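Worksheet: the structure to be examined is printed underneath.
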Amino acid sequence: MQYALLGDLHSNYKNTKAVLKHIEEIVPTAQMIGLGDLYECLIGKRKAAALTEHVPLEQATIIKKKFTELLTFPSIIGNQEERIAFVTGIQQFLNYEEKIVIKNATLMHGHQFDWNEHFEPTFPSYETPLLFFGHSHRAAIYINGVRTKIEYNQPIYVGDRTYEINVGAVVESRDWCLYDSEQMTVTFLQAPKNDSSN
């Protein structure tokens, strides 16, 4: 089966629409799954921790009808959704799973990991050969825990060992990742920058 994995949308309508259009053009039958941080929280971690009462939704996040209408696919939870729920008290933002397991792969956002001062993760234990994540906004494949440079549009065979794969960010670079669970390949892709997708 083919999976189109996308994460770190951060309420960006233009880039999200462009990525969804690209997925439809490249692999229209792929199962799309979000890797969290669909929304952008407008309140930082320190300010959120200092709040003494809930704030209105419009002060906490960018949420527009045309953007939410694009979110027709399942997703896992990200730290942005958790913080929006915390500062607003609106529980609907917690209605996402912590992780999703698909064939040979575990999907997590990545904010649950320990990150060092260089924003490199220490991976948790997982029971599948592959771990897909986001959070750092840097598309990469990790071999033995070391971030390795990737090339776009080149299928990478991942059926020979364990790998950790950062799918990149929609919000900044229109990144997404195609995972073929039958061929055991991963392909890093980017929606065209010249597609305005208004």
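Looking at (1) of a type outside the set (Ser, Thr, Tyr); (2) under 16 Å from the mean Cα position of the chain (by Cα); (3) farther than 21 Å from Met108 by Cβ, find the lone condition where Met32 falls short.
Answer for Met32: the failing condition is (3).
Can you tell me how many residues in the stretch 25-42 are in a strand (DSSP E or B) and polar (S, T, N, Q)?
The first filter runs over the stretch 25-42 and keeps only residues in a strand (DSSP E or B), leaving 31-34, 41.
Narrowing further to those that are polar (S, T, N, Q): 31.
The number of residues fulfilling the criteria is 1.
If the requirement is being of a type in the set (Lys, Arg), open to solvent by 60 Å² or more (accessible area, probe 1.4 Å) and touching a residue at least 24 places away in the same chain (Cβ under 8 Å), which of these qualifies: Lys65, Lys45?
Lys45
Tell me which residues, restricted to the stretch 163-189, are more than 15 Å from Ile102 (Cα to Cα) and open to solvent by 60 Å² or more (accessible area, probe 1.4 Å).
Glu172
If the Cβ limit is 6 Å and pairs must be 6+ apart or interchain, which residue in the stretch 75-102 that is in contact (Cβ under 8 Å) with a residue 12 or more places away in the chain and open to solvent by less than 20 Å² (accessible area, probe 1.4 Å) pairs with which residue that is assigned to a helix (DSSP H, G or I) and β-branched (Val, Ile, Thr)?
Listed by first residue and then by second, the contacts come to Phe93/Ile84.
Which residues, taken from the stretch 116-125, are farther than 15 Å from Ala140 by Cα and open to solvent by less than 60 Å² (accessible area, probe 1.4 Å)?
Going residue by residue through the stretch 116-125, those that are farther than 15 Å from Ala140 by Cα are 116-117, 124-125.
Across the stretch 116-125, the qualifying residue is only Pro124.
For the stretch 17-42: of the residues being out of contact with any Leu (no Cβ under 8 Å at 6 or more places or on another chain) and crowded, with 20+ Cβ neighbours inside 10 Å, which is nearest to Val101 (Cα to Cα)? Quick ask: steps written out before the conclusion?
Initial filter on the stretch 17-42 (out of contact with any Leu (no Cβ under 8 Å at 6 or more places or on another chain)): 18, 21, 24-25, 28-29, 31, 36, 40-42.
If we keep only those that are crowded, with 20+ Cβ neighbours inside 10 Å as well, we get 18, 36, 41.
Working: Ala18: 26, Gly36: 14, Cys41: 26 Å.
Among them, the one singled out is Gly36.
Can you pull out every residue in the stretch 73-99 that is part of a strand (DSSP E or B) and more than 12 Å from the chain's Cα centre (by Cα)?
Glu97
The values are calculated or read from the model by the stated rules, or taken from the named source; none is laboratory data. Everything numeric here is computed off the predicted structure, so don't read it as measured data. Cβ coordinates were reconstructed from backbone atoms using ideal geometry, including for glycine residues, and neighbour counts include every protein chain displayed. When the accessible area is computed, the model is the full protein with side chains, heavy atoms only, and any ligands, DNA or RNA have been set aside. Shrake-Rupley method; radii C 1.70, N 1.55, O 1.52, S 1.80 Å.
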